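Notes for the one structure printed next.
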Amino acid sequence: MSRTAARLRALPRTDKLAGAALVFLLLVVVVSVAAPWLAPGDPTAVDYLQAALPPSAEHWLGTDAFGRDLLTRVVHGGRASLATAAVAVALVIVVGATVGAISGYVGGLLDLAVTRVLDVLLAFPRLVLAIAIAALLEGGVVGVVLAVSVVSWPGYARLVRGYALQLRDEGYVQAARVAGTPWWRILRTHIAGSIAGPVLVLAVVDFGEVVLAVAGLSFLGLGVRPPQPEWGAMLNEARPYLEDSPWMFLAPGLAVVLVVLAVNYLGDAVRDALEPRRPRLPQRTRRRGGASTTELAAALAAHPGPDLVTLDRVSVAAGEQAVLTDVSLRIAAGEAVGLVGESGSGKSTLAGALLGLLRPPLRITGGTVTLYGQDTTGWDTHDWRLVRGQHVGLVSQDPLTALNPVLTIGTQLVETVRAHHRVSRAAARQRARAALDLVRLPQHCLDRYPHQLSGGMRQRVAIAIALINEPRLLICDEPTTALDVTTQARILEELTRLRAELGVGLLFVSHDLRLMSQVVERVVVLHEGHVVEDAPASRLFTAPEHPYTRTLLAAIPGNELEVRRAAG
Ligand SMILES: Nc1ncnc2c1ncn2[C@@H]1O[C@H](COP(=O)(O)OP(=O)(O)OP(=O)(O)O)[C@@H](O)[C@H]1O
């Protein structure tokens with residue numbers, strides 16, 4: 001099951017109100033679909049003897065001016081309102097997503113033309129344009145569907161175009177192109193899956209507005225025509241009797257209000273579930289244990305050391321499968337520690353545990369992670385945000401994925417400073433200049449985009465971003481894997497120099513012991529989630545104790561004989 005599907009399935013449990021909204025909407029849909037069986041009376045049959053009766057045991061919601069039972073009409077009206085809205089949204093998704101995806105992916109003149117059309121359509125007030133189109137088409141269900149679709153698809157097209165623009169430069173999309181995959185197959189296989197989540201969120205959020213637009217057009221006499229029941233049309237019919245027979249207004253009015261409220265709440269909840277970075281509730285300032293975020297910030301800043309990080313018998317599991325078992329690790333201020341192990345040994349998981357970046361199904365099942373003297377157990381996202389980027393910098397394997405392709409290097413450096421410090425843009429830019437000097441990049445890089453730099457320059461930018469807030473600990477997760485040998489050597493030199501100059505602690509994660517030997521003082525060897533050796537680099541490279549370490553050393557070209565000799 002994908003992560004998106006898992007989050008959606010968990011939603012009714014994590015947000016009870018969203019669960020209630022979903023149940024209510026399902027109920028409305030079921031009742032509307034089953035209207036002919038649940039309310040078998042003819043919703044259009046006129047009986048003037050029963051006209052304008054208030055709610056009673058016989059007519060639960062009363063009757064209208066033509067003596068028609070309002071409950072029957074509201075139930076049947078739901079069919080028209082919801083079905084019209086659903087068809088309009090489905091049409092809009094297909095048209096908007098297709099146009100947006102093709103426009104963003106193909107680019108060039110086509111994209112230019114499409115964006116101009118979108119700009120024009122989006123510049124019109126949505127409802128006013130819908131009224132004009134519905135009037136032009138002389139109303140009716142088809143007219144309403146087309147009017148609502150014409151004013152709604154630009155929003156979807158714009159959203160999908162943005163994603164397609166971004167995704168077309170992803171490595172796997174380029175690889176598919178190089179492999180000769182036709183564009184429409186790339187769109188279907190590689191792009192559609194990635195945009196399905198955001199489009200779904202937009203559709204749910206938008207559905208409420210479409211229900212309102214359909215009801216609004218029918219209210220104005222441009223949609224479903226009387227005597228057919230539809231909530232908007234019923235409101236129109238009830239208008240002259242608002243003072244004498246308010247129940248005529250209440251029944252369809254409440255139906256619209258409750259459905260739109262439920263859809264909007266559910267839409268917000270779905271969006272929050274799929275984009276957890278968007279805070280919905282006021283931010284919590286009290287942490288478990290009573291210390292406020294401000295107190296934690298002060299404690300982190302004041303930590304005297306020497307230990308920056310301590311992992312005490314930490315275990316991590318993915319569901320039932322153990323990924324790390326009883327891992328202990330310590331990094332002191334200014335110390336360079338290497339974490340080595342073959343692919344799949346758990347190195348990235350350990351780095352993730354250190355930064356609170358483990359995502360389900362990965363979770364810490366035992367032990368404690370202590371950062372700057374603070375036990376991180378129970379930290380929430382705000383607490384982790386204090387640490388990441390300010391007290392701990394991270395340099396990852398591929399700078400392209402860490403850098404935002406549509407922002408200049410200067411903007412990204414400035415944003416990193418301002419995410420943690422209340423300083424002016426000018427002051428942040430000054431720090432950005434200093435950070436570029438630190439990693440020996442020319443100042444003109446500030447105005448460049450990531451794709452305008454070489455791989456080595458991008459990695460230097462990533463290091464500059466990691467160091468710009470002067471953290472005392474830097475985690476480098478395979479920082480040179482994506483680089484050629486000469487650039488690798490330069491980046492390693494750079495890291496060694498920076499460590500000496502700034503006195504930062506360093507966790508250097510790699511599967512390559514040869515590289516590591518150039519940077520670290522102590523090496524921790526990870527094998528199948530267990531620490532099998534933790535020794536000073538000088539001893540580990542000359543007299544490895546564990547057979548697995550010997551295997552790793554023997555894998556270094558030209559090192560086989562020495563290792564065999566060391567092993568005796
Ligand atoms: N999200 C996940 N769900 C399930 N298992 C996972 C998940 N992430 C990692 N694992 C498992 O955890 C183990 C360790 O993975 P991890 O990425 O930490 O290894 P690694 O040493 O960093 O490897 P590499 O050098 O290839 O990046 C692997 O067996 C992997 O299958």
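The values are calculated or read from the model by the stated rules, or taken from the named source; none is laboratory data. None of these values were measured; they are calculated from a predicted model. Using ideal geometry, Cβ is built from the backbone for each residue, glycine included, and neighbour counts are taken over all protein chains shown.
Points to keep in mind about this one:
Yes/no matrix, rows are residues, columns are (1) without any contact (Cβ under 8 Å) to a residue 24 or more places away in the chain; (2) assigned by TED's automatic domain parsing to the domain that holds Arg418:
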position: Arg429; (1), (2): yes, yes
position: Gln443; (1), (2): yes, yes
position: Leu446; (1), (2): no, yes
position: Gly456; (1), (2): no, yes
position: Asp484; (1), (2): no, no
position: Leu498; (1), (2): no, no
position: Val504; (1), (2): no, no
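- Residue count, the stretch 179-197 (criterion: under 16 Å from the mean Cα position of the chain (by Cα) and not in a helix (DSSP H, G or I)): 0
- Looking across the stretch 523-547 at every residue that is without any contact (Cβ under 8 Å) to a residue 24 or more places away in the chain and surrounded by 19 or more Cβ atoms within 10 Å (Cβ to Cβ), the one that is nearest to the ligand (Cβ to nearest atom) is identified as Glu533.
- When residues of the stretch 381-412 are limited to those that are polar (S, T, N, Q) and within 16 Å of the ligand (Cβ to nearest atom), the one farthest from Leu308 (Cα to Cα): Thr401
Conditions (1) among the hydrophobic types (A, V, I, L, M, F, W, C); (2) part of a loop (DSSP other than H, G, I, E, B), marked per residue:
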{"site": "Trp379", "(1), (2)": "yes, yes"}
{"site": "His382", "(1), (2)": "no, no"}
{"site": "Arg385", "(1), (2)": "no, no"}
{"site": "Leu394", "(1), (2)": "yes, no"}
{"site": "Leu407", "(1), (2)": "yes, yes"}
{"site": "Gln412", "(1), (2)": "no, no"}
{"site": "Thr416", "(1), (2)": "no, no"}
{"site": "Ala428", "(1), (2)": "yes, no"}
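- Residue match in the stretch 80-101 (condition: in contact with a strand residue (DSSP E or B) (Cβ under 8 Å, 6 or more places away or on another chain), in a helix (DSSP H, G or I) and not aromatic (Phe, Trp, Tyr)): no
One line per residue, one yes/no per condition, for (1) more than 16 Å from the ligand (Cβ to nearest atom); (2) crowded, with 21+ Cβ neighbours inside 10 Å; (3) in the same structural domain as Arg497 (by TED's automatic domain parsing):
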residue	(1), (2), (3)
Tyr372	yes, yes, yes
Asp375	yes, no, yes
Val414	yes, yes, no
Leu436	yes, yes, no
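- Subset of the stretch 438-487 that is polar (S, T, N, Q) and away from the ligand (no atom under 16 Å from the Cβ) - its residue that is surrounded by the most Cβ atoms within 10 Å (Cβ to Cβ): Gln459
- Across the stretch 513-522, the qualifying residues are those that are touching a residue at least 40 places away in the same chain (Cβ under 8 Å) and within 15 Å of the ligand (Cβ to nearest atom), and the one among them that is nearest to Pro544 (Cα to Cα) is Leu513.
- Of all the listed residues (Leu217, Leu258), the sole one being of a type in the set (A, V, I, L, M), part of a helix (DSSP H, G or I), surrounded by fewer than 17 Cβ atoms within 10 Å (Cβ to Cβ) and assigned by TED's automatic domain parsing to the domain that holds Leu27 is Leu258.
Table: residues versus (1) without any contact (Cβ under 8 Å) to a residue 40 or more places away in the chain; (2) buried (at least 19 other Cβ atoms within 10 Å of the Cβ).
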residue	(1), (2)
Pro182	yes, no
Leu200	no, no
Ala203	no, yes
Ala213	no, yes
Leu235	yes, yes
Ala238	no, yes
Leu254	yes, no
Ala262	no, yes
Gly267	no, yes
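- Positions within the stretch 318-358 being within 9 Å of the ligand (Cβ to nearest atom) and farther than 23 Å from Leu552 by Cα, in sequence order: Ala318, Gly319, Gln321, Gly352, Leu358
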